[in-house]
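Note sheet for the following structure.
The values are calculated or read from the model by the stated rules, or taken from the named source; none is laboratory data. From a predicted model like this one, the values you see are computed outputs, not experimental measurements. Please note: Cβ atoms are built from the backbone with ideal geometry, for glycine as well, and neighbour counts cover all protein chains shown. Side chains included, ligands, DNA and RNA excluded: accessible areas come from the protein's heavy atoms. Shrake-Rupley method; radii C 1.70, N 1.55, O 1.52, S 1.80 Å.
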Amino acid sequence: MTDHANPRARMVQDLMAHHLRPGLPRAAVLALLGPPYKEGVENRLPKHITMPDTIGAIRPELYQSGNRAHLRAATLQASRRINAFYREHGRPDTLMLYPVGWSTIDPNFLVVQYTGHGRVKGYWVEQH
C-alpha cells in the first residue's frame, strides 16, 4: 500500500496481524471497523485459479490496424470468453470491503470474507 495519508492504510497490517482471525463473528468485525463501504455476495475466483489476460486475448495487429470495427468485434469476443470463464470457475463469496488507501491509480480495500454462518473465513488487501 502506498497511501500513508489514509489512517486505515497505516493500521491495516496491524489489524490483520493482531485483531482479525478466522472464526471471528461478523458483529465483532463491525464493532472493530464500523460499517463497510460495501457488503454482499460476489462471484470470485478461487485462490488457485487466475483470470486469463483480457488484453492478450486480442491479436496485437488489431490495435495497430486502425480498423475499429474489427477491434470492437475482437474485444466483444474476448469479453465473452472471459465472462464464460468466470461463470465456469467463479464461486459466490460473502464479503465486506473497507477502503484502506490508494496504490498508484487504484484504490486498495481490506476484504473480509465470511462463511455461511457469519464468521470470518479469510481477509486480505486487494486493489480495485
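Model label points for Y86 and M16, set 7 angstrom from Cα along the Cα-to-Cβ axis, are 2.3 nm apart. Taking amide H positions as modeled 1.01 Å from N, with prolines and chain starts lacking one, the residues under 5 Å from W102 and 5 or more places away or on another chain are T2, D3, N108. Extension gain, I105-I49: 0.36 nm per intervening residue step, less the Cα-Cα distance, totals 17.7 nm. In this calculation the C-beta distance from L76 to A27 is compared with R0 = 35 Å, giving a FRET efficiency of 0.20.
For R44, the amide hydrogen comes within under 5 Å of the amide hydrogens of R91, D93, counting only partners 5 or more places away or on other chains and with H modelled in the peptide plane.
Using θ = phi - 60° in the Karplus curve 6.51 cos²θ - 1.76 cosθ + 1.60, the 3J(HN,Hα) couplings for the stretch 92-104 round to x, 10, 8, 10, 10, 10, 10, x, 10, x, 10, 8, 4 Hz; x is entered for Gly and Pro. Once you list every other residue whose beta carbon is under 15 Å from the beta carbon of R21, what net charge do they have if Lys and Arg are +1 and Asp and Glu are -1? Every neighbour counted, the sum reads +2. L97 exposes around 0 Å² of accessible area when a 1.4 Å probe is run over every protein chain in place.
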